[in-house]
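Inspection log for the structure reproduced underneath, given as structure tokens.
The values are calculated or read from the model by the stated rules, or taken from the named source; none is laboratory data. Bear in mind the structure is a predicted one, so any value in this text is a computation, not a measurement. Note that we place each Cβ from the backbone using ideal geometry, even for glycine, and neighbour counts take in every protein chain shown. Quick note on the areas: whole protein, heavy atoms, side chains included, nothing else; ligands and nucleic acids left out. Shrake-Rupley method; radii C 1.70, N 1.55, O 1.52, S 1.80 Å.
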Amino acid sequence: MSHFTAEKKANIFKTYGGNATNTGSIEAQIAMLTERINHISGHLKDGNKKDFSSNRGLMQMVGRRKRLLQYLSNTNLTSYRSLIEKLGLRK
């Protein structure tokens, strides 16, 4: 079901969460959601625009990422700014 391999997940967690086992950090969760959002967006752009269940899941993930980003901006503004710069959000 998932398009992530264990190595890819570990690499994302190591890059954004500090190490490969820090899966609960806010930065790592936001990075994983961003990767999933980009993957599903590509799926919908590739001619599957009537896949409404994927579209609904995409909207839920976008909302979850928005809430996590809001929490991060309220708790640690410098980390928030560096994360959106790394991920290329809020252009």
- Query: Based on the Kirkwood radius over alpha-carbon pairs, what is the Stokes-Einstein translational diffusion coefficient of the chain at 4 °C with 1.567 mPa s viscosity, in µm²/s?
  - Reply: 93
- Item | Centre separation in Å (Cα based) which lies between the stretch 15-41 and the stretch 52-88 | 10
- Message: Let me check against my output: what whole-number percent is the relative contact order of the chain, with C-alpha pairs under 8 Å and at least 6 apart?
- Response: 19
- Query: Can you pull the percent of the stretch 1-67's accessible area that's carbon plus sulfur, 1.4 Å probe, other chains left in place?
  - Reply: 51
- Query: When the chain is treated as a GNM, springs tying every alpha-carbon pair under 10 Å, which of 74, 11, 22 comes out with the largest mean-square fluctuation?
  - Reply: 74
- Query: From the residues 78, 58, 11, which one has its Cα farthest along the dipole of the chain in the positive direction, the dipole being from +1 and -1 charges on Cβ of Lys/Arg and Asp/Glu about the Cα centre?
  - Reply: 58
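Within the chain, what is the number of lysine pairs with alpha carbons under 21 Å apart, leaving out pairs fewer than eight places apart on the same chain?
Lysine pair count for the chain: 7.
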- Given springs between every Cα pair under 10 Å in a Gaussian network model of the chain, which of 69, 77, 58 has the largest fluctuation? 77
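Sorted by accessible area with a 1.4 angstrom probe, largest first, how do 45, 9, 14 fall?
The most accessible residue leads, giving 45, 14, 9.
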- GNM on the chain, Cα springs under 10 Å; top mean-square fluctuation among 15, 78, 23 goes to 78
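How large is the accessible surface per residue of the chain, computed with a 1.4 Å probe and reported in Å² as a whole number?
About 69 Å² of surface per residue is accessible.
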- Theoretical ellipticity at 222 nm over the chain - DSSP helices of four or more residues, -39500 (n - 2.57) apiece, nearest 500: -24500 deg cm²/dmol
